[in-house]
Each structure stands twice: as C-alpha cells, then as structure tokens.
Amino acid sequence: MTSDSQDSRKEFFSKIASQYDKYAIERLGYEAHIKVPAKLLELRNKREGLVLDLACGTGLGSLLFFESGFDVIGIDFSPGMIEVARSHPYKQHYCQSIEEELPVEDRSFDIVTAIGVWEFVEDPPRLLEKIWEKLIDGGLCGLTIPKQSDAENELGIHTYSPERFIQFVDKRRFDIVDEIDFYGWESGHLGEVLGETGLPHHRIDYHALFLRKHK
Ligand SMILES: C[S@@+](CC[C@H](N)C(=O)[O-])C[C@H]1O[C@@H](n2cnc3c(N)ncnc32)[C@H](O)[C@@H]1O
C-alpha cells in the first residue's frame, strides 16, 4: 500500500470514529469483536493475563477482556479511533501502524488479537511472525480472515480463501486450535455514515483462526 492510501485509510477511520461503535453494531450487525474474544476466553480458562489488541480501533474488541480482568495494550494507526479508545481502561495505547516495529516487549503476551484488520494488512506472513514474537510460549492469537470476494478490487481491500491464508501460518511455530465462520460487514451502508451515495454493495464474511504458539 502506498503511504497515500495508508493516509487516506487513517483519515477514513478517524472520520467515522465517533460513530463507529453504534454504526458497526446497530447498522452493520458487526459481531467479530465479541466472537473472537469469547472463543479466546473459552480456549484459555485462566481469567487474567496480558492482551495485545492489534488495530484496536475504538476498543470494542477489548471489552470482554477488560470485563474478564485482563490487562490490555491497544495499537491502532488512526488518531480518531485511538481518541475514542482512550475512554477504556487500557494499560497503554499506541497510535502507529501494526506493520511497523511494535513498541511492546517480545514474549510477553498471553493473547494477541487482530480483529477486522486483515483487509488492510499488506504483509500477512510478516505480521504473523511479529505476533509470534510477542506471544509467550503457549500464548493464543485470534484473527479474522476476510473471505475471498470481488470487493477486493472495488473496495481496494485484501480478501483470501481460508486455505490460501492458512498457508501463511508457519506450522512449526503455531498450532491451529480452532476455526469459526461468521458474518463480517457490508459496505453498502457505509455511504450513510460518510454521506456518500453509490458506494458498491459488498458483503464480507469472516473465517476466524485461533492459533497457539508452540511451547
Ligand atoms: C474495522 S476496524 C476494527 C477495529 C476493532 N478491531 C474492532 O473489531 O472493532 C479496523 C481498524 O484497523 C485499523 N488499521 C487498519 N490498518 C492498520 C494498520 N496498518 N496499523 C494499525 N491500525 C490499522 C483502523 O484504523 C481501524 O481502527
């Protein structure tokens, strides 16, 4: 992605930040922020630890972890989204790209999440490698693969067949411990929030992957 398109993406998310939670949940029926953390809590029976929420946005995907007694560090490159996230009890948040060097310690997180962001990630194998570096041995990762769609060209995002994405996962480093499918989001309604008409309508479904770092 060019730095221009990175900038316009940051701008886009900053523009919708104040309406994101209401819009995502009520209008889009977005559920990834519940489905992924709920499965991770089920896979990890201990109710404490440190979570890294990559592309935390306004903080929706961290809420179940706060409620369950975890400490959470959030990273997102959109200043507007991070501004909203400040209303949540993050241990720390950073405003930067998750594809740059991450300002957190290696081998220190029980859980890493990256929810609703792989549409925009330029180098998935590299990001998976960084996630591996940040997890403790036996730590868990939950992520949402946007399933293959012709939205790829029209919306300028990345989508994958789950089989293709799974090839990015280094099986010597991670076990795949669970996989679930659910609805992701739809693009047509975005026009309402942005005041734009004629935005092409696409539905994105998610294939969520749950990985455990080898001991
Ligand atoms: C659809 S929102 C998902 C937010 C949150 N994870 C959730 O589930 O509600 C996508 C988020 O990814 C962030 N994002 C996209 N590309 C990013 C990157 N390279 N680095 C950091 N954040 C990024 C955007 O700013 C936005 O907050």
Taking region 136-176 and keeping residues among the aliphatic types (A, V, I, L, M), within 18 Å of the chain's Cα centre (by Cα) and within 28 Å of K215 (Cα to Cα) leaves L140, L143, I145, I166, V169, I176
Picking from S18, S5, S14, which residue would you name as being in contact with a Pro (Cβ under 9 Å, 6 or more places away or on another chain), among the small types (G, A, S) and part of a helix (DSSP H, G or I)? S14
Checked region 124-166 for anything at pLDDT below 95 and small (G, A, S); matches are S149, A151, G156
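Test I82 against the stated conditions and say whether it is touching a helix residue (DSSP H, G or I) at 6+ places or on another chain (Cβ under 8 Å), farther than 20 Å from L128 by Cα and not small (G, A, S).
It is false that I82 is touching a helix residue (DSSP H, G or I) at 6+ places or on another chain (Cβ under 8 Å), farther than 20 Å from L128 by Cα and not small (G, A, S).
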Being of a type in the set (G, A, S) and near the ligand (Cβ under 10 Å from one of its atoms) is the filter; apply it to region 1-57 and report the residue that is nearest to H201 (Cα to Cα). A24
List the pairs whose first member sits in region 118-135 and is within 20 Å of K213 (Cα to Cα), whose second member is in a helix (DSSP H, G or I), and whose Cβ atoms are under 9 Å apart, counting only residues at least 6 apart or on separate chains? W118/P124; W118/L127; W118/F165; P124/F165
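Residues to consider are V121, V112, V169; find the one that is at pLDDT 95 or above, within 16 Å of the ligand (Cβ to nearest atom) and in a loop (DSSP other than H, G, I, E, B). Give the derivation first.
Details: V112 fails: in a loop (DSSP other than H, G, I, E, B); V169 fails: within 16 Å of the ligand (Cβ to nearest atom).
Only one candidate passes the filter, namely V121.
Every residue, every condition in (1) within 28 Å of Y23 (Cα to Cα); (2) at pLDDT below 95; (3) not in a loop (DSSP other than H, G, I, E, B), yes or no:
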position	(1), (2), (3)
E179	yes, no, yes
Y183	yes, no, yes
G191	yes, yes, yes
P200	yes, yes, no
Y206	yes, no, yes
Filter region 124-151 down to residues that are β-branched (V, I, T) and more than 11 Å from the ligand (Cβ to nearest atom) and give me whichever is nearest to E42 (Cα to Cα). I136
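Name every residue in region 60-69 that is more than 8 Å from the ligand (Cβ to nearest atom) and either in contact with a His (Cβ under 8 Å, 6 or more places away or on another chain) or among the hydrophobic types (A, V, I, L, M, F, W, C) (or both), in order of residue number.
Initial filter on region 60-69 (more than 8 Å from the ligand (Cβ to nearest atom)): 62-69.
Within region 60-69, S62, L63, L64, F65, F66 meet the criteria.
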I need a count of the residues in region 1-53 that are surrounded by fewer than 20 Cβ atoms within 10 Å (Cβ to Cβ), closer than 17 Å to S97 by Cα and in contact with a helix residue (DSSP H, G or I) (Cβ under 6 Å, 6 or more places away or on another chain). 1
Out of the residues in region 135-159 meeting the condition of being in contact with a Lys or Arg (Cβ under 7 Å, 6 or more places away or on another chain) and crowded, with 20+ Cβ neighbours inside 10 Å, tell me which one is farthest from I180 (Cα to Cα). L135
With the requirement that a residue be of a type in the set (D, E, K, R), within 9 Å of the ligand (Cβ to nearest atom) and either within 19 Å of G139 (Cβ to Cβ) or outside any loop (DSSP other than H, G, I, E, B) (or both), what does region 70-100 give you? D76
Where residues in region 27-69 are at pLDDT below 95 and either acidic (D, E) or assigned to a helix (DSSP H, G or I) (or both), which of them is nearest to I111 (Cα to Cα)? E48
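The values are calculated or read from the model by the stated rules, or taken from the named source; none is laboratory data. Small disclaimer: the values here were computed from a predicted structure and weren't measured. Cβ atoms come from the backbone with ideal geometry, glycine included; neighbour counts cover every protein chain shown.
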